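Colleague: Please read through the structure below; I'll follow up with questions.
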Amino acid sequence: MSEKMKDILEDFHDNGIYVPRRTIELFGEVNLEMFKNVFKNLHVLDNTPGDINIIINSEGGDVTQGKAIYQAIKGCQNHVTGIVYGEASSAASFILQSCDSRIMTPDSFLMLHVGEEGMGSNHPRNIDRLHAFYRSNEAWMEDVYLKRIKEKRKRYTRHQLKSMLQFDKFLSPQESLDLGLIDQIKERL
């Protein structure tokens, strides 16, 4: 193996980017570290023309960092394809929606929900403000899902979505396709 190839592979293992295939990994917990890597890697690949692939296998995590990743992907000039291997749960499920094309492998799944709340202080006014903040995040997520669903199911309502999201909702690739949350199911990519 050449030194150049060793450097490319080392970069992939260290930073989650494989430049020859224009691929970025989005693995594990959605957090600030993931945002930093995805943001830097998107800038490297989006600086030159060509499709970008994002491989997703994530249990989700921090909504704020997920929204930041979502916006970074939406800001790409190149076509971005999100490919789910394993799972795209919670924040990862709405990150997937930012991609121009969305694919799931046959044994993968999506998990959608409104998230979880963590209260950092018991002061009543802080709790009120946190609840308001969480409700605004919930409405934002609903908007993201609803926009994609309505592309396929024009009459799908926010009420139907809220009902589905009352508890964690696990979706198979076929259910995700039927809802319009992905574009295709592919075994080999």
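Colleague: Hey, any hits in segment 171-187 for a residue that's assigned to a loop (DSSP other than H, G, I, E, B), free of Cβ contacts under 8 Å to residues at least 12 places away in the same chain and more than 18 Å from the chain's Cα centre (by Cα)? Working first, answer last.
Modeller: If we filter segment 171-187 for residues that are assigned to a loop (DSSP other than H, G, I, E, B), which is where we start, we get 172, 180-183, 186-187.
Restricting the remaining residues to those that are free of Cβ contacts under 8 Å to residues at least 12 places away in the same chain gives none.
Within segment 171-187, none of the residues are assigned to a loop (DSSP other than H, G, I, E, B), free of Cβ contacts under 8 Å to residues at least 12 places away in the same chain and more than 18 Å from the chain's Cα centre (by Cα).
Colleague: Now for a separate question. Can you go through Asp143, Asp100 and tell me which one is touching a strand residue (DSSP E or B) at 6+ places or on another chain (Cβ under 8 Å) and among the acidic types (Asp, Glu)?
Modeller: Values: Asp143 fails: touching a strand residue (DSSP E or B) at 6+ places or on another chain (Cβ under 8 Å).
Testing whether each residue is touching a strand residue (DSSP E or B) at 6+ places or on another chain (Cβ under 8 Å) and among the acidic types (Asp, Glu) leaves just Asp100.
Colleague: Identify all residues within segment 55-111 that are polar (S, T, N, Q), in contact (Cβ under 8 Å) with a residue 60 or more places away in the chain, surrounded by 24 or more Cβ atoms within 10 Å (Cβ to Cβ) and part of a strand (DSSP E or B); write none if there are none.
Modeller: none
Colleague: Of the numbered conditions (1) closer than 19 Å to Ser98 by Cβ; (2) in contact with a helix residue (DSSP H, G or I) (Cβ under 8 Å, 6 or more places away or on another chain), Tyr18 satisfies every one except a single condition; which is it?
Modeller: In the conditions (1) closer than 19 Å to Ser98 by Cβ; (2) in contact with a helix residue (DSSP H, G or I) (Cβ under 8 Å, 6 or more places away or on another chain), Tyr18 misses (1) alone.
Colleague: Mind counting the residues in segment 150-165 that are in contact (Cβ under 8 Å) with a residue 24 or more places away in the chain and surrounded by fewer than 16 Cβ atoms within 10 Å (Cβ to Cβ)?
Modeller: The total comes to 4.
Colleague: Within segment 43-53, is there a residue that is under 30 Å from Arg135 (Cα atoms) and either out of contact with any helix residue (DSSP H, G or I) (no Cβ under 7 Å at 6 or more places or on another chain) or outside any strand (DSSP E or B) (or both)? Even if it seems obvious, please write down each step before you answer.
Modeller: Residues of segment 43-53 that are under 30 Å from Arg135 (Cα atoms), as a first pass: none.
Within segment 43-53, none of the residues are under 30 Å from Arg135 (Cα atoms) and either out of contact with any helix residue (DSSP H, G or I) (no Cβ under 7 Å at 6 or more places or on another chain) or outside any strand (DSSP E or B) (or both).
Colleague: Can you confirm whether Lys74 is under 24 Å from Lys169 (Cβ atoms) and of a type in the set (Lys, Arg)? Break it down stepwise before answering.
Modeller: Details: under 24 Å from Lys169 (Cβ atoms): yes; of a type in the set (Lys, Arg): yes.
In short, yes.
Colleague: While we're on this one: Restrict the check to segment 168-183 and report whether at least one residue is out of contact with any strand residue (DSSP E or B) (no Cβ under 8 Å at 6 or more places or on another chain) and hydrophobic (A, V, I, L, M, F, W, C).
Modeller: Checked segment 168-183: no residue is out of contact with any strand residue (DSSP E or B) (no Cβ under 8 Å at 6 or more places or on another chain) and hydrophobic (A, V, I, L, M, F, W, C).
Colleague: Another question, then. If Lys169 satisfies every condition in (1) charged (D, E, K, R); (2) at pLDDT 95 or above; (3) in contact with a helix residue (DSSP H, G or I) (Cβ under 6 Å, 6 or more places away or on another chain) but one, which is the exception?
Modeller: (3)
Colleague: Taking segment 131-145 on its own, how many of its residues are surrounded by fewer than 16 Cβ atoms within 10 Å (Cβ to Cβ) and either not in a helix (DSSP H, G or I) or not charged (D, E, K, R) (or both)?
Modeller: Residues of segment 131-145 that are surrounded by fewer than 16 Cβ atoms within 10 Å (Cβ to Cβ), as a first pass: 131-133, 135-136, 139-140, 143.
Next cut, either not in a helix (DSSP H, G or I) or not charged (D, E, K, R) (or both) only: 131-133, 136, 139-140.
Selection size over segment 131-145: 6.
Colleague: Ok, one more. Just checking, how many residues over segment 61-80 are within 11 Å of the chain's Cα centre (by Cα) and among the β-branched types (Val, Ile, Thr)?
Modeller: 3
Colleague: Same structure again: Quick check on my filter: what residues within segment 1-33 are assigned to a loop (DSSP other than H, G, I, E, B), at pLDDT 75 or above and not small (Gly, Ala, Ser)? Explain how you work it out, then say what you get.
Modeller: Filtering segment 1-33 down to residues assigned to a loop (DSSP other than H, G, I, E, B) leaves 1-2, 16, 22, 31.
With at pLDDT 75 or above added as a condition, the list becomes 2, 16, 22, 31.
Listed by number, the residues that qualify are Arg22, Asn31.
Colleague: Exactly one condition in (1) within 30 Å of Thr23 (Cβ to Cβ); (2) surrounded by fewer than 17 Cβ atoms within 10 Å (Cβ to Cβ) is not met by Leu177; state its number.
Modeller: (2)
The values are calculated or read from the model by the stated rules, or taken from the named source; none is laboratory data. Just so you know, these numbers come straight off a predicted model, no measurement behind them. Reconstructed Cβ throughout: ideal geometry from the backbone, glycine too, with neighbour counts over all protein chains shown.
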